[in-house]
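Engineer: What follows is a single structure, and I will ask about it in a moment.
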């Protein structure tokens, strides 16, 4: 879970508090820190996340075309990860297009909503570094391909998260609506949690 040192009324703290329940639901369903995680379960989780990222990024791409200045400030071009999920699935011997179903996400109408959606996508990069270390310890996965989707920025992970925090706070301090940022994050996280749960049920994995 992303952590932040902001005080009362800080939009980053509000985001973290408001999405805690949905975040826990996603973590429980995917269970990527399971010491018995095997390749098949990992592939299933990556497939669910890939489908979600495709839809989430399509909405952000549409926003970026309307608000290119805000997209540049957030370094949106560098934050795309759907391609990394697809490449990792191929490296594991799976077809990234094997599951054509996609979740449904609301339109990203403005920068408030873009920041809320990005909070969900970007926050996962912090925990992703822990997941990477865990995967390297699993007997069934050790020595396999080095996955990139969980820690796409490498040594720049902290810097990219700092940029997101800074731009989000500056946007809200200027003329943004913190409540709408939080509402968009909650809506995005809720879709992700439900998508992971339904996909897990369909595949027979524990939900």
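Engineer: Could you please find all residues in region 107-119 being more than 16 Å from residue 78 (Cα to Cα) and not in a loop (DSSP other than H, G, I, E, B)?
Structural biologist: In the first step, residues of region 107-119 are kept if they are more than 16 Å from residue 78 (Cα to Cα); the result is 107-113, 116.
Passing the criteria: 111, 112, 113, 116.
Engineer: Just for region 79-112: of the residues that are touching a helix residue (DSSP H, G or I) at 6+ places or on another chain (Cβ under 6 Å) and under 23 Å from residue 163 (Cβ atoms), which one is surrounded by the fewest Cβ atoms within 10 Å (Cβ to Cβ)?
Structural biologist: Ranking the qualifying residues of region 79-112, first place goes to 80.
Engineer: Somewhere in region 133-140, is a residue in contact with a helix residue (DSSP H, G or I) (Cβ under 9 Å, 6 or more places away or on another chain), at pLDDT below 90 and exposed (fewer than 15 other Cβ atoms within 10 Å of the Cβ)?
Structural biologist: Within region 133-140, one or more residues are in contact with a helix residue (DSSP H, G or I) (Cβ under 9 Å, 6 or more places away or on another chain), at pLDDT below 90 and exposed (fewer than 15 other Cβ atoms within 10 Å of the Cβ).
Engineer: Something else: Would you mention how many residues in region 155-205 are more than 18 Å from residue 24 (Cβ to Cβ) and modelled with pLDDT of 90 or more?
Structural biologist: 29
Engineer: Hey, among 122, 97, 104, which residue is under 17 Å from the mean Cα position of the chain (by Cα), within 27 Å of residue 44 (Cβ to Cβ) and in a loop (DSSP other than H, G, I, E, B)?
Structural biologist: It is 104.
Engineer: Another question, then. Where in region 1-72 are there helices (runs of 4 or more DSSP H), lying fully within it, with 3 or more residues that are buried (at least 17 other Cβ atoms within 10 Å of the Cβ), in contact with a strand residue (DSSP E or B) (Cβ under 7 Å, 6 or more places away or on another chain) and modelled with pLDDT under 95? Break it down into steps so the answer makes sense when it comes.
Structural biologist: Working: elements: 11-18, 20-30, 39-66.
Answer list for region 1-72: none.
Engineer: For region 143-175: of the residues being out of contact with any helix residue (DSSP H, G or I) (no Cβ under 6 Å at 6 or more places or on another chain) and part of a loop (DSSP other than H, G, I, E, B), which is surrounded by the most Cβ atoms within 10 Å (Cβ to Cβ)?
Structural biologist: Only one residue fits best here, namely 144.
The values are calculated or read from the model by the stated rules, or taken from the named source; none is laboratory data. Bear in mind the structure is a predicted one, so any value in this text is a computation, not a measurement. Using ideal geometry, Cβ is built from the backbone for each residue, glycine included, and neighbour counts are taken over all protein chains shown.
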